[in-house]
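Engineer: The structure under discussion is supplied below as structure tokens; questions concerning it will follow.
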Amino acid sequence: MVAIAVAKPHLLQLFEESPAAPGPGEVLLRVQRGGICGSDLHIFHGSNPFAKYPRIIGHEFAGVVEAVGAGVTRLAEGDRVVADPVVSCGECYACRVGRSNVCGRLEVFGVHRDGGFRNRLVLPEANLVAIPDSLPIALAALAEPFSIAANVLSRTGIEAQDSVLIYGAGTVGLTVLQVAKLHGARCIVADPDEARLERARGFGADLTVNPKARSVAEAVAGEHDGLGPSVVIDGAGIPALLDEACRVASPAGRIGILGFSPAPCNVSQQEIVKKELSLVGSRLNRRLLPQVVQWLAEGRLQPAAMITQTFAAADAPEAFALIERDPASTLKVQLAFD
């Protein structure tokens, strides 16, 4: 039984683990596929403020139900499922108003709790979403990263009439791009890496901008008849971009922030008030995996092209080394546990 943990910063450890039996309301999941996320790398680097060591990482994973505990009614042995890693209390103010992803006692599998990078684990039935037989497990494991995009676009609002500027053409930016295009919006992607921009065009970007060759402000100035993009998403997690986002956004525009940097940034109060901008943070997902699974099952997203490499779980150190050594070649690296 292979489990993958960060024993301490910069030390990845593989070890054998025997799973517990599921208790009431719990399910024993046999993990088949897991995706490596940037937050897994932050834990590896020691820069995630929420993780305690040692920690079994992994919050993007899917597999098959192997056993169920007493009181489990929605799932049965043999069901194919994807995990929602967000654990909330259901009682605090945030939970009561439908914002369980920012629960006051929030825990996330793979961060606050041991996660899914292991052959088997026990987790609450409430944290599993059934997937149809037509959806491959590898694609189902992408539901969680797509749910991040769905969440930020839910927070900012997204409509076909929107023009969306997305900073960053990495995994986050490309999932935001796909979900925004699904809603019919026009999408502009800005990134200083030409290879990433080419990839963004392949995922449907209407316009791409390399800020080293042309200023983003100039490139988007014509949106909405000269007003600018109505939605701006920081998919790069760079605090300094917020100032530019406020300057280029259309009046009545909405700005979504996904980064977790504690660094301060300069933002003009005048820009925010003059244009009555809405600035929203977005964290994890607010029970959006069922919707994302439906999109995946209906073929409305391009998940297969997101998976650039797959490693056997036992080769996790090599997978991490590749991401560190050549990030331009990796979009979503997955680990196969079956």
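The values are calculated or read from the model by the stated rules, or taken from the named source; none is laboratory data. Given the structure is predicted, the values throughout are model-derived calculations rather than measurements. Neighbour counts are summed over all protein chains in view; Cβ atoms, including those assigned to glycine, are modelled from backbone coordinates with ideal geometry. Ligands, DNA and RNA are excluded from the accessible area calculation, which covers all protein heavy atoms including side chains. Shrake-Rupley method; radii C 1.70, N 1.55, O 1.52, S 1.80 Å.
Engineer: Would a scan of the range 121-129 turn up a residue that is without any contact (Cβ under 8 Å) to a residue 60 or more places away in the chain and more than 14 Å from the chain's Cα centre (by Cα)?
Structural biologist: So the first thing to find is which residues in the range 121-129 are without any contact (Cβ under 8 Å) to a residue 60 or more places away in the chain, and the list is 127.
Pick out the ones that are also more than 14 Å from the chain's Cα centre (by Cα) and you get 127.
Yes, the range 121-129 has at least one match.
Engineer: Name the residues in the range 268-288 that are free of Cβ contacts under 8 Å to residues at least 40 places away in the same chain and surrounded by 19 or more Cβ atoms within 10 Å (Cβ to Cβ), would you?
Structural biologist: Looking only at the range 268-288, we keep the residues that are free of Cβ contacts under 8 Å to residues at least 40 places away in the same chain, and these are 268-277, 279.
L277 - this is the single residue of the range 268-288 that is free of Cβ contacts under 8 Å to residues at least 40 places away in the same chain and surrounded by 19 or more Cβ atoms within 10 Å (Cβ to Cβ).
Engineer: Find the residue count for the range 255-267, including only residues that are in contact with an Asp or Glu (Cβ under 8 Å, 6 or more places away or on another chain) and open to solvent by 30 Å² or more (accessible area, probe 1.4 Å).
Structural biologist: Looking only at the range 255-267, we keep the residues that are in contact with an Asp or Glu (Cβ under 8 Å, 6 or more places away or on another chain), and these are 255-259, 265-267.
Next cut, open to solvent by 30 Å² or more (accessible area, probe 1.4 Å) only: 257-259, 265-267.
Looking only at that region, the number is 6.
Engineer: Further, regarding this structure: Could you tell me how many of the residues in the range 168-199 are surrounded by 24 or more Cβ atoms within 10 Å (Cβ to Cβ) and among the small types (G, A, S)?
Structural biologist: The number of residues fulfilling the criteria is 5.
Engineer: While we're on this one: Scan the range 255-276 for residues that are more than 16 Å from S154 (Cα to Cα) and assigned to a loop (DSSP other than H, G, I, E, B) and jot them down. Don't jump to the end; show me each part of the working.
Structural biologist: Residues of the range 255-276 that are more than 16 Å from S154 (Cα to Cα), as a first pass: 259-276.
Those that are more than 16 Å from S154 (Cα to Cα) and assigned to a loop (DSSP other than H, G, I, E, B): G259, F260, S261, P262, A263, P264, C265, N266, V267, S268, K275, E276.
Engineer: Does the range 276-317 hold any residues that are among the hydroxyl-bearing types (S, T, Y) and closer than 30 Å to L106 by Cα, and which are they? Working first, answer last.
Structural biologist: Let us first name the residues in the range 276-317 that are among the hydroxyl-bearing types (S, T, Y), namely 278, 282, 308, 310.
Of everything in the range 276-317, those that are among the hydroxyl-bearing types (S, T, Y) and closer than 30 Å to L106 by Cα turn out to be S278, S282.
Engineer: While we're on this one: Which of the residues spanning the range 325-338 are without any contact (Cβ under 8 Å) to a residue 60 or more places away in the chain and open to solvent by less than 50 Å² (accessible area, probe 1.4 Å)?
Structural biologist: S329, T330
Engineer: Scan (1) part of a helix (DSSP H, G or I); (2) of a type in the set (G, A, S); (3) open to solvent by 60 Å² or more (accessible area, probe 1.4 Å); (4) touching a Leu at 6+ places or on another chain (Cβ under 9 Å) for the single condition A252 breaks and write down its number.
Structural biologist: Evaluating A252 over (1) part of a helix (DSSP H, G or I); (2) of a type in the set (G, A, S); (3) open to solvent by 60 Å² or more (accessible area, probe 1.4 Å); (4) touching a Leu at 6+ places or on another chain (Cβ under 9 Å) leaves (1) as the failure.
Engineer: What are the pairs with Cβ atoms under 9 angstrom where one residue, in the range 97-108, is at pLDDT 95 or above and exposed (fewer than 15 other Cβ atoms within 10 Å of the Cβ) and the other, located anywhere, is of a type in the set (D, E, K, R) and not in a loop (DSSP other than H, G, I, E, B)? Sequence gap at least six, or different chains.
Structural biologist: As it stands, the answer is E107/R113, since those pairs meet every condition given.
Engineer: Report yes if A140 is within 21 Å of the chain's Cα centre (by Cα), buried (at least 24 other Cβ atoms within 10 Å of the Cβ) and modelled with pLDDT of 95 or more, otherwise no.
Structural biologist: Yes; evaluated as a whole, the condition is true for this residue.
Engineer: Related question: For residues that are aliphatic (A, V, I, L, M) and assigned to a loop (DSSP other than H, G, I, E, B), scanning just the range 11-30, find the one that is surrounded by the fewest Cβ atoms within 10 Å (Cβ to Cβ). Full working, then the answer.
Structural biologist: We begin by selecting, within the range 11-30, every residue aliphatic (A, V, I, L, M); these are 11-12, 14, 20-21, 27-29.
Now restrict to residues that are assigned to a loop (DSSP other than H, G, I, E, B): 20-21.
Working: A20: 11, A21: 9.
Within the range 11-30, the match that is surrounded by the fewest Cβ atoms within 10 Å (Cβ to Cβ) is A21.
Engineer: Name every residue in the range 200-243 that is in contact with a Ser or Thr (Cβ under 9 Å, 6 or more places away or on another chain), open to solvent by 30 Å² or more (accessible area, probe 1.4 Å) and not in a loop (DSSP other than H, G, I, E, B), in order of residue number.
Structural biologist: Result: R201, H224, D243.
Engineer: Return the total of residues in the range 38-67 being aliphatic (A, V, I, L, M), surrounded by fewer than 22 Cβ atoms within 10 Å (Cβ to Cβ) and closer than 13 Å to R120 by Cα.
Structural biologist: 4
Engineer: Restricting attention to the range 237-247, does a residue exist that is of a type in the set (A, V, I, L, M, F, W, C), assigned by the TED database to the domain that holds V164 and farther than 16 Å from S268 by Cα? Give the derivation first.
Structural biologist: So in the range 237-247, the residues of a type in the set (A, V, I, L, M, F, W, C) come out as 238, 240-242, 245-246.
Subsequent filtering for residues that are assigned by the TED database to the domain that holds V164 retains 238, 240-242, 245-246.
So of that shortlist, the ones also farther than 16 Å from S268 by Cα come out as 238.
Checked against the condition, which is being of a type in the set (A, V, I, L, M, F, W, C), assigned by the TED database to the domain that holds V164 and farther than 16 Å from S268 by Cα, the range 237-247 yields at least one hit.
Engineer: A follow-up question, please. Would you pick out the residues in the range 296-324 that are assigned to a helix (DSSP H, G or I) and open to solvent by 40 Å² or more (accessible area, probe 1.4 Å)?
Structural biologist: Initially, the range 296-324 is screened for residues assigned to a helix (DSSP H, G or I), giving 296-297, 304-306, 313-324.
Hits for the range 296-324 are A297, A304, A305, A314, D315, P317, E318, A321, E324.
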